Amino acid sequence: MEFDEFKSYLTQKFEEWLYQQREIYLPQARPLSSQERSRMSRYFEKRILDVTRVATVGQIPTPAFYDELRKREIPILMDFTSAVGFTLIDCVLLREGFEATSTLFHEMVHIVQADLLGVKKLLELYLSDLAKNGYQNVLFERQAYRLTTRFTQEKSFSVREILEKEFSL
Ligand SMILES: [Zn+2]
């Protein structure tokens, strides 16, 4: 399989999986608590606060199509089993025992990224960054980690405005 073909194959598989998992976790997910909402309102606009859902999980799920990748001897790009948070479009999964506000913030940055670029575009860019440069250098992760550091230091700023500028939207 050519790299581009593989990339679009993987993007499609990933996208399907994200929507499937979202359906699975949404029924047990909750809106932001009033405390989380008031804290996050200094960084996110009302619409993002409204759509965000949070579910606590024992472990971040591993994509089912990973078995298929293994069979085809395609390298697994990312191991989810040690992750403390993961975002299914607008549904944040937090690993039980690791429900830090900074993790929630990091994951909500991903919600805004998907909102600005669209899920498909985000996945395409994410996976190609991941394949080329590794997790630490994925643009969307670097943004999320950098903004999370600011979150721990600054009283307020607009995540959307910063991301719009960086994406040149
Ligand atoms: Zn992240």
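A few points about this structure:
- Residues VAL109, VAL138, VAL57 arranged by fewest to most Cβ contacts within 10 Å: VAL57, VAL138, VAL109
- Computed over the chain, the range of Cα coordinates on each principal axis works out to 48, 36, 23 Å, biggest value leading.
- Of the beta bridges in segment 3-166, as assigned by DSSP with both residues counted there, near 55 percent are antiparallel.
- Candidates per chymotrypsin sites (Phe, Trp or Tyr not before Pro) in segment 68-128, loop by DSSP, up to 13 other Cβ within 10 Å: PHE98
- Lys/Arg +1, Asp/Glu -1 at C-beta; segment 3-166 dipole; positive extreme among THR87, GLY134, LEU69: THR87
- Max mean-square fluctuation residue, GNM over the chain, Cα-Cα springs under 10 Å, options GLU141, GLU36, GLU73: GLU73
- Charge dipole (Cα centre; +1 on Lys/Arg Cβ, -1 on Asp/Glu Cβ; no other charges) of segment 3-166 amounts to roughly 420 debye.
- Segment 114-154-segment 1-39 distance, computed between alpha-carbon centres (Å): 14
Rule-based calculations on the coordinates, nothing more; no lab input. Predicted model only: the values in this text are computed from it and were never measured. Please note: Cβ atoms are built from the backbone with ideal geometry, for glycine as well, and neighbour counts cover all protein chains shown.
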